[in-house]
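Take a look at the structure below.
Bear in mind these aren't lab numbers, they're just calculated from the coordinates by the rules spelled out. Because the structure is a prediction, the values reported are computed rather than measured. Using ideal geometry, Cβ is built from the backbone for each residue, glycine included, and neighbour counts are taken over all protein chains shown.
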Amino acid sequence: MSGFVEKPEPLQVPGLVHLHTGKVRDLYQNEAGDLVMVASDRISAYDWVLPTEIPDKGRTLTQLSLWWFDQLAELAPNHVLSTELPPGAPADWAGRTLICKSLRMAPVECVARGYLTGSGLVEYNESRTVCGLALPEGLVDGSELPAPIFTPATKAAVGEHDENVSYEEVVRQVGADTAAELRQATLAVYSRARDIARDRGIILADTKFEFGYDGDTLVLADEVLTPDSSRFWPADVWEPGHAQPSFDKQYVRDWLTSAESGWDRKSEQPPPALPERVVEATRAKYIEAYERLTGVSWT
């Protein structure tokens, strides 16, 4: 069992219809049929949405996504229509709300990996492959791959794991032409973002994109290149052979699995509230990622 420790009641806003509450975002539809995405300060770990929020997290994710959409505009169109608050929306939605095109979403998570770690490392250690793609011998945790690879995954419901799948499975689900277009777009956007991040002293180890179609046009959607959807490592201390320090919620994961938390990850009990020092350290990491990538001070 996993999911929300306590699922929040959706806020009712005149003129908006609530569609879905996800791990981080609440999704609405306005009277024009556009989607209204609101990024909360919720945080998840080990398939649980925790009872403690991280202040400013939703705004950080939203503002960083907007910055990346601007950086990638010539390479990939995106779904953002406006950042203005819908009439009647609470003031707290400012800075965390996007009005977006309603798209026909591709039913796969488009993952690009430039470095070996995480679930890719687990598969590599078993078979010298990642999502069925053969890789050379001698790679270790944190190794840079000879070239970026497309390693798609199925989209999972809240509380369930995304499952890595082969490219052939994507072809079976969406057809050869769409699969090829998703792979090409994923690797092109990853490569551009990797180079931008590298210029700022950050390694983009891997990331997850979501794409949809506006008619026949492939459009980049959801959040992009945030610490929730990507692994960012400081380049100056990168050292293959072990887990790398990262700009994400590792403080949360580490505390939850420590003796201090008293939580058994293998049990069906929900995780406990986070102590203030873990909340502050995690908030600082999200803000540091934003500031190092954009060059703009967080206010």
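Which of the helices in the chain, when you take each full DSSP H run, stretch at least 15 Å along the axis at their Cα atoms and have an average Kyte-Doolittle score of -0.5 or higher?
Helices passing the filter in the chain: 176-199.
Over the C-alpha atoms of the chain, what are the Rg and the largest Cα-to-Cα span, Dmax, in Å?
Both quantities, over Cα of the chain: 19.0, 58 Å.
What is the calculated FRET efficiency for Asn30 to Tyr213, with r their C-beta to C-beta distance and R₀ = 22 Å, to the nearest 0.05?
Efficiency at R0 = 22 Å is approximately 0.60.
Between beta-carbons, use under 15 Å as the cut-off and find the net charge around Glu126, counting Lys and Arg +1, Asp and Glu -1.
Local net charge: -2.
Just to be sure I understand the model, the point goes 7 Å from the Cα along the line to the Cβ. What's the resulting Asp47 to Glu260 distance in nm?
A separation of 2.7 nm, rounded to one decimal place.
Per DSSP H run of at least 4 residues, take -39500 (n - 2.57); add these up for the chain, divide by its residues and hand me the 222 nm value, nearest 500 deg cm²/dmol.
For the chain, the value works out to -9000 deg cm²/dmol.
In nm, give the distance between the simple-model label positions of Glu84 and Glu181, each being 7 Å from the Cα along the Cα-to-Cβ direction.
3.1 nm
How many angstrom lie between the Cα centre of the range 233-269 and the Cα centre of the range 4-57?
Taking the Cα centre of the range 4-57 as reference, the centre of the range 233-269 is 25 Å away.
Take every Cα-Cα distance within the range 104-237, group them into 5 Å bins from 0 onward, and report for each bin the whole-number percent of pairs it holds.
Bins of 5 Å from zero give 2, 10, 20, 23, 21, 15, 7, 2, 0 percent of pairs.
Full extension from Glu276 to Glu168: what is 0.36 nm times the residue separation minus their Cα-Cα distance, to one decimal in nm?
Gain on extension, Glu276 to Glu168, equals 34.3 nm.
Which FRET efficiency value, to the nearest 0.05, do you get for Val5 and Ala147 by plugging their Cβ-Cβ distance into 1/(1 + (r/R0)^6) with R0 = 51 Å?
It comes to 0.80.
Using the 2.2 N^0.38 Å rule of thumb for compact globular proteins, work out how the range 201-275 stacks up: its C-alpha Rg over that value, please.
1.51
For the chain, with only Lys/Arg (+1) and Asp/Glu (-1) charged at the beta-carbon, what is the dipole magnitude about the Cα centre, in debye rounded to 20?
So the dipole magnitude of the chain works out to roughly 160 debye.
Among DSSP beta bridges whose residues both lie in the chain, state the antiparallel percentage, nearest 5.
Roughly 95 percent of the beta bridges in the chain run antiparallel, per DSSP.
Please state the relative contact order of the range 14-154 as a whole percent: Cα pairs under 8 Å, 6+ residues apart?
RCO, the range 14-154: 18 percent.
Tell me the relative contact order for the range 104-237 as a rounded percent, counting alpha carbon contacts under 8 Å between residues six or more apart.
Reported as a whole number, the value is 29 percent.
Which residues in the range 114-140 have a backbone N closer than 14 Å to a point placed 7 Å from the Cα of Leu75 along the Cα-to-Cβ line?
Under cut-off, by backbone N: 114.
Please give the net charge around Glu168, taking every other residue with its beta carbon less than 15 angstrom from that of Glu168, where Lys and Arg add +1 and Asp and Glu add -1.
With Lys, Arg at +1 and Asp, Glu at -1, the neighbours total -1.
Suppose R0 equals 30 Å. What FRET efficiency, 1/(1 + (r/R0)^6) with r the Cβ-Cβ distance, do Glu268 and His20 give to the nearest 0.05?
Calculated value: 0.75.
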